[in-house]
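This report refers to the structure that appears directly beneath it.
The values are calculated or read from the model by the stated rules, or taken from the named source; none is laboratory data. What you see is a predicted model, and the numbers here were worked out from it, not measured in a lab. We place every Cβ from the backbone using ideal geometry, glycine too, and count neighbours over all the protein chains shown. Accessible surface is based on the protein model in full, side chains and every heavy atom, while ligands, DNA and RNA are left aside. Shrake-Rupley method; radii C 1.70, N 1.55, O 1.52, S 1.80 Å.
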Protein chains: 4
Amino acid sequence: MNPYLELQSRALACNLRLPASGLVTGTFGNASAFDRQRGVFAIKPSGVPFSDLKAEDLPVLDVTGKVVYGGLRPSSDMPTHALLYEAWPDIGGVVHTHSPYAVAWAQAMRPIPVFGTTHADHCDGDIPCTAPMADDRIAGNYEVETGRQILDTLAGVSHLDVTMVLVACHGPFTWGTTPEKAVDNSIALELIAQMALHTLQIAPQTPRLKESLLKKHFERKHGPDAYYGQASSTSKDPSR
Amino acid sequence: MNPYLELQSRALACNLRLPASGLVTGTFGNASAFDRQRGVFAIKPSGVPFSDLKAEDLPVLDVTGKVVYGGLRPSSDMPTHALLYEAWPDIGGVVHTHSPYAVAWAQAMRPIPVFGTTHADHCDGDIPCTAPMADDRIAGNYEVETGRQILDTLAGVSHLDVTMVLVACHGPFTWGTTPEKAVDNSIALELIAQMALHTLQIAPQTPRLKESLLKKHFERKHGPDAYYGQASSTSKDPSR
Amino acid sequence: MNPYLELQSRALACNLRLPASGLVTGTFGNASAFDRQRGVFAIKPSGVPFSDLKAEDLPVLDVTGKVVYGGLRPSSDMPTHALLYEAWPDIGGVVHTHSPYAVAWAQAMRPIPVFGTTHADHCDGDIPCTAPMADDRIAGNYEVETGRQILDTLAGVSHLDVTMVLVACHGPFTWGTTPEKAVDNSIALELIAQMALHTLQIAPQTPRLKESLLKKHFERKHGPDAYYGQASSTSKDPSR
Amino acid sequence: MNPYLELQSRALACNLRLPASGLVTGTFGNASAFDRQRGVFAIKPSGVPFSDLKAEDLPVLDVTGKVVYGGLRPSSDMPTHALLYEAWPDIGGVVHTHSPYAVAWAQAMRPIPVFGTTHADHCDGDIPCTAPMADDRIAGNYEVETGRQILDTLAGVSHLDVTMVLVACHGPFTWGTTPEKAVDNSIALELIAQMALHTLQIAPQTPRLKESLLKKHFERKHGPDAYYGQASSTSKDPSR
């Protein structure tokens, strides 16, 4: 009996939403699902086409990156996922994609300014962008350093209020209290990134959304008195 | 026996057209259908994925926002819909989306200039954009105030000639004499918004469409002597 | 027995390719198929959703615009089609769409410069754009005047070498020796229009394709010594 | 017995991925598969719709362009493919498309600068662009000259490290150690081209990716110590 099959199946379903949502071309993206009780996560194996994936193929690892179950080599981005789970044990999923509009902002090395309520519904402020990685860190343990950059960039904000980040010259990472919400956040981020570019194309001097409207929309969905969604599923979960 | 099932089913069908037309990602959008005889409307419940919706889930409310039938919590934008139905009893449907090009214009806080006949076929003039909401109104009854802003912005034009508006920093609302036409208008608006951006990218100084051509196209489809469409369905209905 | 059913069926199939190719949203577009022997054409009826069309619904008209068979009111753009068939009896189909990139160029009132071989494979030079219509012509027989503008704009070039035009502030019309080729040309035009916009976004000073390369590509596909395609179908048909 | 059916079938499958991936509209594109043992390749026939293709229709040729099997006329771009196979016997497939973003860069006659890791995962440096072809070469054996331009442009770099090129005013060619990888590279190139345009739209002064990060990503996927993918399929194959 495989004790991780449910976790692997859940991670598989999240991975399959990535190409289905148009976020992923080829094999460039990966989702993982974390089991908070057991402190392990299942992640996409490296370089395997999404259409070929089976639940059993997804390796299960602990937060130090040690394989505890499963035969295929994990995604090369695995150490980044592991570091985030170790730092933030209250999250349940991490997603990395190369979705085109989010990558364009990452390549331009610019945070995405909050311009409207679509953004404010999902993220309490600008979507941050890391600095380009220093050469000595690239030469070191690159994927762990990517995770460290994300943590450094998120320092000072709540990772449950800002659930998405751009890694400079690379692409987006998102997370959430569940793996499904981490995928939702990747989908929302790509849409936000597209809207922000078009907004600047229409009016290059567009100001940031004013704070009162940002707070109103973020709070009505994620605050203590949230009234978006059905009571059972949303008001108790501040991450989405 | 549920006396509202036909209304709920019609509203459901309209809601399902939103993701099918590419206007809606995730749960960000909602359509409602109004029963003019009974003065009630059915609307999407809040935060429920479109693929999970059943007709019975759609709450039915009166124009004061009081639930008259149905168990799920209505869309958080419900009070905006209610206010429009109260103000304009000759409309039959309201739609709100976060479609990307229309949102980009809303975030840029710019009305969409009429540049061509695709626009003129659907809207008798520029597509207006509200002002950003004042802080005291945001702190008040936000969704009712959104409706008031729409009504203020439409003051002085016929809501049957201009069936679409951009709420600044937020996104589009459309309406029509039937809920199906409200959806048609959301689809047309997104296309118009995309075309207008590309037009300005090709020629930033493009002038507005001249009045004679605007009137010609709007009138051939919506005027008293309209000759677009089949006689039975179109010439008597000025809203589309 | 309906003597026009084959013509109607062929016109229907061409119309159905328009939404299937992403060229048409809602009901904004129409294709017609011309029977050169009998001098009549079948065209989409006005305002009918594409998914509801049946072959029998497509009215059959002569080149003066007189209905010779069929019950539904023809597309409001019918007189434009009729005029083109009258002027150019060697064409077999006409298509009009509101595809977004082609419309953007039409709204910007700019011909599409030939920048590359995709364009040169389909059109022997820039894709022309009419002038905006004068007010007295708008007030007259508008759809006939649209056809006259197209003929005026094509004066001096072969309508078999340039099979596409932009009507200013409105959108594209294309044609071909067969109705299927007229649809192919609408599909190619939308792609060419998108590529041309992106080309200028990358390098605003991009020069027109040099004449030698324009001729090479147009001739290898459409010239007397064409060697593109299979011999039976292409080398004898200069229109595609 | 047809000794080339397996090769033809493999080439057919690669051709069919082109419209399925959105890279090809109409008939504008072609893939070929090379049999290194026998020194022959199968290629799409000219001007045949993808949906009508059967494996037997794909002509089989040697690297001088002589047909060794098959009845339909090969793609007009066949001599370009042949020249690449003759020059680079270690490749197994060549693909040519008119995908819109890659064509836009080709029409702008600009190499695509490496801005991020999506690019670095696939190509060790900028994606080169040929010079526009001289008139005497256009007047000569045009498709052979296209191949020569590609070889000239690739002089000085490894064709296994840079597996894609833009032919000025025309469009992209890609290749790989297998025909499937050549298709993968065409898909990746279109995404890279789109991302690069949007990057410049967000920040026109975006610098090239720094060399340390370019090498890190290219090497982790294609270098001697590559650790991307599953060991059996990737670490031994430097082309993808």
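Some values worked out for this structure:
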item	result
Candidate set from the range C:112-147 (those that are in contact (Cβ under 8 Å) with a residue 24 or more places away in the chain and among the aliphatic types (A, V, I, L, M)); member that is nearest to the other protein chains (Cβ to nearest Cβ)	C:MET133
Helices (runs of 4 or more DSSP H) completely within the range D:28-138 that count 2 or more residues being open to solvent by 10 Å² or more (accessible area, probe 1.4 Å)	D:78-87, D:100-107
Any hit, the range A:12-28, residues being in contact with a Gly (Cβ under 7 Å, 6 or more places away or on another chain), within 19 Å of A:THR177 (Cα to Cα) and at pLDDT 95 or above	yes
Residue match in the range B:34-49 (condition: touching a residue at least 60 places away in the same chain (Cβ under 8 Å), away from chain A (no Cβ under 14 Å) and on the phi < 0 side of the Ramachandran plot)	yes
So D:GLN201, is it farther than 17 Å from D:GLY92 by Cα and within 13 Å of chain A (Cβ to nearest Cβ)	yes
All positions within the range D:13-27 that are outside any loop (DSSP other than H, G, I, E, B) and under 16 Å from the mean Cα position of the chain (by Cα)	D:ALA13, D:CYS14, D:ASN15, D:LEU16, D:ARG17, D:LEU18, D:PRO19
Helices (runs of 4 or more DSSP H) (entirely within the range A:146-240) containing at least 2 residues that are crowded, with 20+ Cβ neighbours inside 10 Å, among the hydrophobic types (A, V, I, L, M, F, W, C) and out of contact with any strand residue (DSSP E or B) (no Cβ under 8 Å at 6 or more places or on another chain)	A:179-202, A:211-222
Output for the range A:1-22, where each listed residue is open to solvent by less than 20 Å² (accessible area, probe 1.4 Å), in contact with a Lys or Arg (Cβ under 8 Å, 6 or more places away or on another chain) and within 27 Å of D:LEU18 (Cα to Cα)	A:ASN15
Pairs, first farther than 11 Å from B:LEU160 by Cβ in the range B:176-189, second among the aromatic types (Phe, Trp, Tyr) and surrounded by 21 or more Cβ atoms within 10 Å (Cβ to Cβ), C-beta under 6 Å, six or more apart	B:ALA182/B:TRP175
